[in-house]
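The values are calculated or read from the model by the stated rules, or taken from the named source; none is laboratory data. Model, not experiment: these values are computed from the prediction. Positions of Cβ are backbone-derived with ideal geometry, glycine not excepted, and every protein chain shown enters the neighbour counts. Accessible surface is based on the protein model in full, side chains and every heavy atom, while ligands, DNA and RNA are left aside. Shrake-Rupley method; radii C 1.70, N 1.55, O 1.52, S 1.80 Å.
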Amino acid sequence: MTNKEERPAGCVLRLFGAPEQTVQKAVEALPDTWQGTVHCRSRGAETLVALQSSTPQQLHRAVQLLRTSLAPALYGEGEQTLAAAAVQALEQHRKLLVCSDTAAGALLETRLENLPGAEKVFDFGAMSYADAALTARLSRKLRKAPQAEPARTLARVQAMQRMTGAALAVGCVELPQSRLLLVGGKKGCWLRCVAPDENLGLWLLDMLRRAACGLPQAGGTNWQPYGRAVPDAALTSAALTAAPPAQPRPKRRRLGKALVALLLLALAALAAGWYYTGGDLAALPQKLQSLGAESLPHAGAKLV
């Protein structure tokens, strides 16, 4: 009789935005002890990796290795959709999403409207581009904004994000030979040019999922700080494909300030010890022990 632990096991991993060569290298890097089979199938930017193993333990080890090597492109397993993964990421990280224009809303609303939890993280235009009062305020804010695209759409995304207080605001603009997708945060915006024959909605969902989780964007996605002009080279699909995925700089400023403060405190303590001991720091412990309670100010005493 076959042991339950020896029954065949299978799994399907779902990826988006991973180059075919990257997936192939990850599969080839599985250890020699892996005796199962792996089949990859790609359609556009989405790739399915089907694994079959003789034991669940062996399958689990292979899945963990592929999860590590293919992150952050791996968004789910089994029948999970990219839309569901995006909603889950927004909900887990408490990110509110709004659209800055009708084009972006059209790409997302039909994909999210029937998903559980979507109404918690997406306003479906009710408090953003579909709100008449808000769009009137937005128009006034954009009076001094550039008229040329994509600078105007970038300004719109930034203004909508600030007006609504949402963590992420998205936009979409039509360019002569492509579509530009924008996902804006507090300090800047991720930009990606997508060919008209590609699935714009899936690309936008993947950008949102990665942005919500703080993951690196797929290769060909650029980071654009607010207040800077969009370079012409960034508006072509070829240029974006050739460029590495630029990400915002990590937040190290607070850590640096804390280290500087600690260093200053250490130097101040060293100087005080030097002054108190007359330059003989070795005598500092004995000096401190000699301080009695009488040397400390008592209740009601005034420090001069």
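A few remarks follow.
- Options Leu97, Ala145, Thr135, ranked by Cα towards positive dipole end of the stretch 54-176, top entry (Cβ charges): Ala145
- Among the trypsin sites (Lys or Arg not before Pro) found in the stretch 189-233, those both in a DSSP coil and sparsely packed, with 16 or fewer other Cβ atoms within 10 Å of their Cβ, are Arg228.
- Potential lengthening between Ser42 and Leu267 on full extension [0.36 nm per residue; Cα-Cα distance subtracted]: 75.0 nm
- Taking label positions 7 Å along the Cα-Cβ direction at both Thr33 and Ala106, the computed distance is 5.4 nm, reported to one decimal.
- With a 1.4 Å probe rolled over the protein heavy atoms of all chains, the accessible area of Thr164, Thr277 falls in the order Thr164, Thr277, largest first.
- Taking all protein chains together and rolling a 1.4 Å probe, Val27 ends up with roughly 30 Å² accessible.
- For the stretch 93-217, the per residue solvent-accessible surface stands at 46 Å², with DNA, RNA and ligands left out and a 1.4 Å probe.
- What the phi angles of the stretch 81-97 give under the Karplus curve with 6.51, -1.76 and 1.60, with θ = phi - 60°, is a coupling list of 9, 5, 5, 5, 5, 5, 4, 4, 5, 5, 5, 5, 9, 6, 10, 8, 10 Hz, glycine and proline written as x.
- Sequence of Met127, Met207 from largest to smallest accessible area, 1.4 Å probe: Met127, Met207
- Computed about its Cα centre, the charge dipole of the stretch 49-151 is approximately 520 debye, with only Lys, Arg, Asp and Glu carrying charge at their Cβ.
- Each principal axis of the Cα atoms in the stretch 47-181 has its own extent, and those three values, largest first, are 64, 33, 22 angstrom.
- Anisotropy class of the stretch 134-177 from Cα gyration tensor, a/c 1.5 cut: oblate
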